[in-house]
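The values are calculated or read from the model by the stated rules, or taken from the named source; none is laboratory data. Just so we're clear, the structure is a prediction, and the values are computed from it rather than from any experiment. Heads up, the Cβs are rebuilt from the backbone with ideal geometry, glycines too, and the neighbour counts pull from every protein chain shown. The area values use the complete protein model at the heavy-atom level, side chains included, leaving out ligands, DNA and RNA. Shrake-Rupley method; radii C 1.70, N 1.55, O 1.52, S 1.80 Å.
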Amino acid sequence: MARKILIVEDERPILDSVQYALEKEGFEVLRAADGETGLSEARTQRPDLIILDLMLPGIDGMEVCRILRREAAIPIIMLTAKSEEVDKVVGLEMGADDYVTKPFGMRELIARVKSVLRRADQREATGEVLEAGDVKMDLAAHTVEVRGKAVELAPREFSLLELLVANPGRAFSRDVILDRVWGEDAFCEPHTVDVHIRWLRQKIERNPGNPTQIATVRGVGYRFERAR
Ligand code: CA
């Protein structure tokens, strides 16, 4: 059965082109041109994913995202105009799963859609809480605790940690990490993975210079250590 995607966007040309690109990929598309319609469509149609523009007439995207997050675990990708808004927009308190900054290419958007859907599927398969080493992740609440203390992660860091913590003891190459966390069509260098691992270590390791949670696997990539 085709997966249903709801687009909430008031700019008609974007709505049209996103719909066209998604339908070409075999998705069923629902559309809404303002926040209120978006909310009611989300409630009645139960889409598999929502692409939500930040700037909307009436209830804006941020508010729609907040309301939906309280009601359901539908994955949300935000469309934002400025990259500076991104931190605020996809901050954990708002709970969007990912974002795309305008102007964006359709290939990029489709890659994000697939990657977020894949993550949501994994989440369903693996359950709501992951625990390994010093880390405990509540996937439904989108929260992380390290040694009992709450830690704030950016969405990409969260996804990366989720992949590693869901598979303790297993080494992942940078390419596989890019594919699983960023999406196979994403235009990223393997170095991007190293940068995010460094940020993660700063947040979860007792001593980021001598990591005991996320190990470097020489010539391969990274592995989350099994608890000893
Ligand atoms: Ca808009």
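Output the residues belonging to the stretch 62-81 that are in contact (Cβ under 8 Å) with a residue 24 or more places away in the chain and away from the ligand (no atom under 16 Å from the Cβ).
Those that are in contact (Cβ under 8 Å) with a residue 24 or more places away in the chain and away from the ligand (no atom under 16 Å from the Cβ): Arg66, Ile67, Leu68, Arg69, Glu71, Ala72, Ala73, Ile74, Pro75.
Can you pull out the residues in the stretch 195-216 that are touching a residue at least 12 places away in the same chain (Cβ under 8 Å) and open to solvent by less than 40 Å² (accessible area, probe 1.4 Å)? Answer for the stretch 195-216, where residues must be touching a residue at least 12 places away in the same chain (Cβ under 8 Å) and open to solvent by less than 40 Å² (accessible area, probe 1.4 Å): His196, Ile197, Leu200, Arg201, Ile204, Gln213, Ile214. Among the residues of the stretch 1-18, the ones that are in a strand (DSSP E or B) and over 17 Å from Gly35 (Cα atoms) come to 1 in all.
Filtered by the rule that a residue be open to solvent by 40 Å² or more (accessible area, probe 1.4 Å) and at pLDDT 95 or above, the stretch 151-170 gives no residues.
Can you confirm whether Lys136 is under 30 Å from Leu68 (Cβ atoms) and not in a helix (DSSP H, G or I)? Judged against the criteria, Lys136 is a match. Taking Arg66 as the residue in question, decide whether it is farther than 22 Å from Arg119 by Cβ, of a type in the set (Lys, Arg) and at pLDDT below 95. It is false that Arg66 is farther than 22 Å from Arg119 by Cβ, of a type in the set (Lys, Arg) and at pLDDT below 95.
Listed here are the residues, each with its yes/no results for (1) surrounded by 15 or more Cβ atoms within 10 Å (Cβ to Cβ); (2) at pLDDT below 90; (3) more than 26 Å from Arg123 (Cα to Cα).
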residue	(1), (2), (3)
Val29	yes, no, no
Asp48	yes, no, no
Ile59	yes, no, yes
Met62	yes, yes, no
Ala72	no, yes, no
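Only one residue in Ala140, Ala120 is open to solvent by less than 70 Å² (accessible area, probe 1.4 Å), under 17 Å from Asp98 (Cα atoms) and within 12 Å of the chain's Cα centre (by Cα). Which one? So the residue among Ala140, Ala120 that is open to solvent by less than 70 Å² (accessible area, probe 1.4 Å), under 17 Å from Asp98 (Cα atoms) and within 12 Å of the chain's Cα centre (by Cα) is Ala120. Here the stretch 48-61 is the region considered, the condition is being within 12 Å of the ligand (Cβ to nearest atom) and over 14 Å from the mean Cα position of the chain (by Cα), and the residue that is nearest to Met106 (Cα to Cα) is Asp53.
Within the stretch 19-42, count every residue that is assigned to a helix (DSSP H, G or I), away from the ligand (no atom under 12 Å from the Cβ), under 21 Å from the mean Cα position of the chain (by Cα) and touching a residue at least 24 places away in the same chain (Cβ under 8 Å). Total meeting the criteria: 4.
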